[in-house]
Every structure is written in structure tokens, then in C-alpha cells.
1. Condition first: at pLDDT 95 or above and either touching a His at 6+ places or on another chain (Cβ under 9 Å) or not charged (D, E, K, R) (or both). Now tell me which residues in region 42-66 satisfy that.
2. Being within 17 Å of Val72 (Cα to Cα), of a type outside the set (A, V, I, L, M, F, W, C) and within 11 Å of the chain's Cα centre (by Cα) is the filter here, so list the residues in region 1-46 that pass it.
3. Which residues, taken from region 1-27, are without any contact (Cβ under 8 Å) to a residue 24 or more places away in the chain and either assigned to a loop (DSSP other than H, G, I, E, B) or closer than 17 Å to Phe48 by Cβ (or both)?
4. Might you check whether a residue that is hydroxyl-bearing (Ser, Thr, Tyr) and surrounded by 12 or more Cβ atoms within 10 Å (Cβ to Cβ) occurs anywhere in region 14-28?
5. What number of residues within region 29-75 satisfy the criterion of being touching a residue at least 24 places away in the same chain (Cβ under 8 Å), assigned to a helix (DSSP H, G or I) and not charged (D, E, K, R)?
6. In region 1-58, how many are touching a strand residue (DSSP E or B) at 6+ places or on another chain (Cβ under 8 Å) and among the hydrophobic types (A, V, I, L, M, F, W, C)?
7. Go through region 7-40 and report how many residues are closer than 12 Å to Val61 by Cα and not small (Gly, Ala, Ser).
Amino acid sequence: MVFEKVAKILAEYKEIDVSEIRPESTLEELELDSLDTVDLIMQFEDEFQVSLELNDNIKTVADIVKLIQESVGKK
């Protein structure tokens, strides 16, 4: 469920088909720069009602999903 929401937000943001986004998709493959990432993190925080700590370990969509799942678990 978290992946589906993340994929939908990413697809809308990049104006691409959601089917192009896979858990192993890297932010680089999706052509997301650091400014895009910050903007998206804020969208994820709003969507999931969590506070996310952005770090250098975030490389793939799966990393984002894991970060959100861990943050939701702390609520």
C-alpha cells in the first residue's frame, strides 16, 4: 500500500505512467535531483502524516517506502 501511494505521487510529479515506477527504480533513473527529492519528501510527509529524515542512503523508491514505513511505525 505504501509503495502504491509513493509510486502514484512520483508518477504525478514526473508526469509519467505509474507502471514505469518499480521498487528498484533509482532516483537517478527517474531523473530526480536533490531539489525534486526535497519537494517530494514534503509531499510524502503530507500524504502519510509523518516527519521524514532525508539522508544520503535514499537511492531507490524502495528506500523511500522503507523510510515511510519506519516513520509510520514510530507514530
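1. Met42, Gln43, Phe44, Phe48, Gln49, Val50, Thr60, Val61, Ala62, Ile64, Val65
2. Glu4, Lys5, Gln43, Glu45
3. Of everything in region 1-27, those that are without any contact (Cβ under 8 Å) to a residue 24 or more places away in the chain and either assigned to a loop (DSSP other than H, G, I, E, B) or closer than 17 Å to Phe48 by Cβ (or both) turn out to be Met1, Glu4, Lys8, Ala11, Glu12, Glu15, Ile16, Asp17.
4. Yes.
5. Qualifying residue count, region 29-75: 11.
6. So the count comes out to 1.
7. 16
The values are calculated or read from the model by the stated rules, or taken from the named source; none is laboratory data. Computed from a predicted structure; not experimentally measured. Glycine gets a Cβ as well: all are built from the backbone with ideal geometry, and neighbour counts include every protein chain shown.
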